[in-house]
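Colleague: Have a look at the structure that comes next, please.
The values are calculated or read from the model by the stated rules, or taken from the named source; none is laboratory data. Because the structure is a prediction, the values reported are computed rather than measured. Every residue, glycine as well, gets a Cβ built from its backbone with ideal geometry; the counts of neighbours run over all protein chains shown. Surface areas here come from the heavy atoms of the whole protein model, side chains and all, with no ligands, DNA or RNA. Shrake-Rupley method; radii C 1.70, N 1.55, O 1.52, S 1.80 Å.
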Amino acid sequence: MEKRTVSTDRAPAAIGPYSQAVAAGGFLFISGQIPLDPASGEVVDGGFPSQAQRVLDNFLAVVQAAGLKPEHVVRTTVYLTDLSRFQEFNALYAERFGSSLPARAVVQVSALPRGVEIEMDGIAVIPAES
């Protein structure tokens, strides 16, 4: 099986020993994206709404770097430190994915890297070339 890494400067560089994404077996596996500004590497200001927007921006930047679109995303997992933010995140998520909603799990966790409130990872399908 052939695999390749995918990276972009439109999403933050990995903060550990991992790739932003790996394409293998017809799928793109997107690592957890947290709300870091790609230019500064710092957590964005503005609380949860800004963090959620930045996570979605980072996630979709990696998807696009692989030559894919949001409709190619088939599965996401969202990690929240406060599940009471679920509905707030849902609205932002629905805006970004439109009518092609991937399968998804949302879980509450006790802590996330860099003290952020949200992280999201996922899987996209890579269409067969015609």
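Colleague: What single numbered condition from (1) under 28 Å from Glu129 (Cβ atoms); (2) out of contact with any Leu (no Cβ under 8 Å at 6 or more places or on another chain); (3) modelled with pLDDT of 95 or more fails to hold for Ser100?
Modeller: Unmet condition: (3).
Colleague: I'm told Gln33 meets every condition in (1) of a type in the set (S, T, N, Q); (2) without any contact (Cβ under 8 Å) to a residue 60 or more places away in the chain; (3) buried (at least 19 other Cβ atoms within 10 Å of the Cβ) except one. Can you identify the failing condition by its number?
Modeller: Single failed check for Gln33: (2).
Colleague: For region 1-30, which positions are under 21 Å from Glu71 (Cα atoms) and open to solvent by less than 50 Å² (accessible area, probe 1.4 Å)?
Modeller: Val6, Thr8, Ala11, Gln20, Ala21, Val22, Ala23, Ala24, Gly26, Leu28, Ile30
Colleague: Could you check region 1-15 and list, in sequence order, the residues that are within 16 Å of Val116 (Cα to Cα) and either without any contact (Cβ under 8 Å) to a residue 24 or more places away in the chain or not hydrophobic (A, V, I, L, M, F, W, C) (or both)?
Modeller: The answer is Pro12, Ala14.
Colleague: Among all residue pairs at least 6 apart or on different chains, which show Cβ distances below 6 Å where the first residue, located in region 43-70, is closer than 16 Å to Arg114 by Cβ and in contact (Cβ under 8 Å) with a residue 12 or more places away in the chain and the second is of a type in the set (D, E, K, R) and assigned to a helix (DSSP H, G or I)?
Modeller: Val43/Arg114; Phe48/Arg85
So that you can scan it fast, the table gives a plain yes or no per residue for (1) modelled with pLDDT of 95 or more; (2) out of contact with any Phe, Trp or Tyr (no Cβ under 8 Å at 6 or more places or on another chain); (3) open to solvent by less than 60 Å² (accessible area, probe 1.4 Å):
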site: Asp45; (1), (2), (3): yes, yes, no
site: Ala52; (1), (2), (3): yes, no, yes
site: Ala66; (1), (2), (3): yes, yes, yes
site: Lys69; (1), (2), (3): yes, yes, no
site: His72; (1), (2), (3): yes, yes, yes
site: Arg85; (1), (2), (3): yes, no, no
site: Asn90; (1), (2), (3): yes, yes, yes
site: Ala94; (1), (2), (3): yes, yes, yes
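Colleague: Same structure, new question: In region 102-130, how many residues are within 14 Å of the chain's Cα centre (by Cα) and free of Cβ contacts under 8 Å to residues at least 60 places away in the same chain?
Modeller: Matching residues across region 102-130 total 5.
Colleague: Give, as residue ranges, the strands (runs of 3 or more DSSP E) completely inside region 1-95 that count at least 2 residues that are within 14 Å of the chain's Cα centre (by Cα).
Modeller: Ranges flagged: 21-24, 27-33, 73-80.
Colleague: Another question, then. Could you please tell me which pairs satisfy a Cβ distance under 9 Å, a separation of 6+ or placement on different chains, a first residue in region 74-86 that is farther than 14 Å from Leu56 by Cα, and a second residue that is assigned to a helix (DSSP H, G or I)?
Modeller: Close Cβ pairs (under 9 Å, with a partner that is assigned to a helix (DSSP H, G or I)) amount to Thr81/Gly115; Asp82/Phe48; Arg85/Phe48; Arg85/Ala52.
Colleague: Taking the condition of being closer than 19 Å to Ala11 by Cβ, of a type in the set (A, V, I, L, M) and either assigned to a loop (DSSP other than H, G, I, E, B) or open to solvent by less than 30 Å² (accessible area, probe 1.4 Å) (or both), how many residues in region 97-126 meet it?
Modeller: So the answer is 6.
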